[in-house]
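The values are calculated or read from the model by the stated rules, or taken from the named source; none is laboratory data. Just so you know, these numbers come straight off a predicted model, no measurement behind them. Neighbour counts run over all protein chains shown; Cβ positions are idealised from the backbone, glycine included. With ligands, DNA and RNA removed, areas are computed over all heavy atoms of the protein, side chains included. Shrake-Rupley method; radii C 1.70, N 1.55, O 1.52, S 1.80 Å.
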Amino acid sequence: MKIVINGIEREFKKNKITPQDLVNSLKITGQRYAIEHNGEIIPRSDFSERDIQDGDMLEIVGAVGGG
């Protein structure tokens, strides 16, 4: 399966992947971020339930603190 993450095409061996699977594979657990799936922000409560399909586009944006 091929999906686009932040403008870069990536290939996954699984035919089904969830945002939570993606977070685990990218090792970004415990960090502050938001995931947009085909133009829609995914609530964290839906990370394990939403299916990502071949050809989907995702944007992962990390929170940056400062002052």
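When the solvent-accessible surface of protein heavy atoms is calculated with a 1.4 angstrom probe, in what order do Val61, Val4, Val23 fall, highest first? Numbers along the way, then the final one.
Details: Val61 85, Val4 30, Val23 0 Å².
Descending order: Val61, Val4, Val23.
Could you state the accessible area per residue of segment 1-46 in Å², with a 1.4 Å probe and every protein chain left in place?
Details: 3170 Å² over 46 residues.
About 69 Å² of surface per residue is accessible.
Which of the chymotrypsin sites (Phe, Trp or Tyr not before Pro) across the chain are loop residues per DSSP, with 16 or fewer other Cβ within 10 Å? It would help to have the intermediate numbers written out before the result.
On the way: sites: Phe12, Tyr33, Phe47; in loops: Phe12, Phe47.
The qualifying sites are Phe12, Phe47.
Helix-only estimate, please: 222 nm mean residue ellipticity of the chain, summing -39500 (n - 2.57) across DSSP H runs of length 4 or more and dividing by its residues, to the nearest 500. It would help to have the intermediate numbers written out before the result.
On the way: 1 runs with 7 residues, N = 67.
-2500 deg cm²/dmol, from helical runs alone.
Test of understanding: what is the full-extension gain from Leu26 to Ile60, defined as 0.36 nm times their sequence separation minus their Cα-Cα distance? Kindly include the intermediate steps, with their values, before the conclusion.
Details: separation 34, 0.36 × 34 = 12.24 nm, distance 1.06 nm.
Contour length minus the Cα-Cα distance gives 11.2 nm.
Which of the trypsin sites (Lys or Arg not before Pro) found in the chain are in a DSSP loop and have at most 14 neighbouring Cβ atoms, other than their own, within 10 Å? Don't jump to the answer; show the numbers that get you there.
On the way: sites: Lys2, Arg10, Lys13, Lys14, Lys16, Lys27, Arg32, Arg44, Arg50; in loops: Lys13, Lys14, Lys16, Lys27, Arg32, Arg50.
For trypsin sites (Lys or Arg not before Pro) across the chain that sit outside H, G, I, E and B with at most 14 neighbouring Cβ atoms in 10 Å, the list reads Lys13, Lys14, Lys16, Lys27, Arg32.
From the phi angles alone, apply the Karplus equation (6.51, -1.76, 1.60; θ = phi - 60°) to segment 4-14 and give each ³J(HN,Hα) in whole Hz, x where the residue is Gly or Pro.
10, 10, 6, x, 10, 6, 10, 10, 10, 6, 6
Taking all protein chains in place and a 1.4 Å probe, what share, in percent, of the accessible surface of the chain do carbon and sulfur account for? Write down the numbers at each step before the final one.
On the way: 2150 of 4630 Å².
Percent of accessible area from carbon and sulfur atoms in the chain: 47.
Points 7 angstrom from Cα along the Cβ direction at Ile5 and Gln53: gap in nanometres?
2.1 nm
Which residue, Gly30, Gly39, Gly55, has the most motion in a Gaussian network model of the chain that connects Cα atoms within less than 10 Å?
Its mean-square fluctuation being the largest, the pick is Gly30.
Which one, [x] 0.96; [y] 1.20; [z] 1.09, gives Cα Rg over 2.2 N^0.38 Å as derived from the coordinates shown?
Structure-derived value, by its label: [z].
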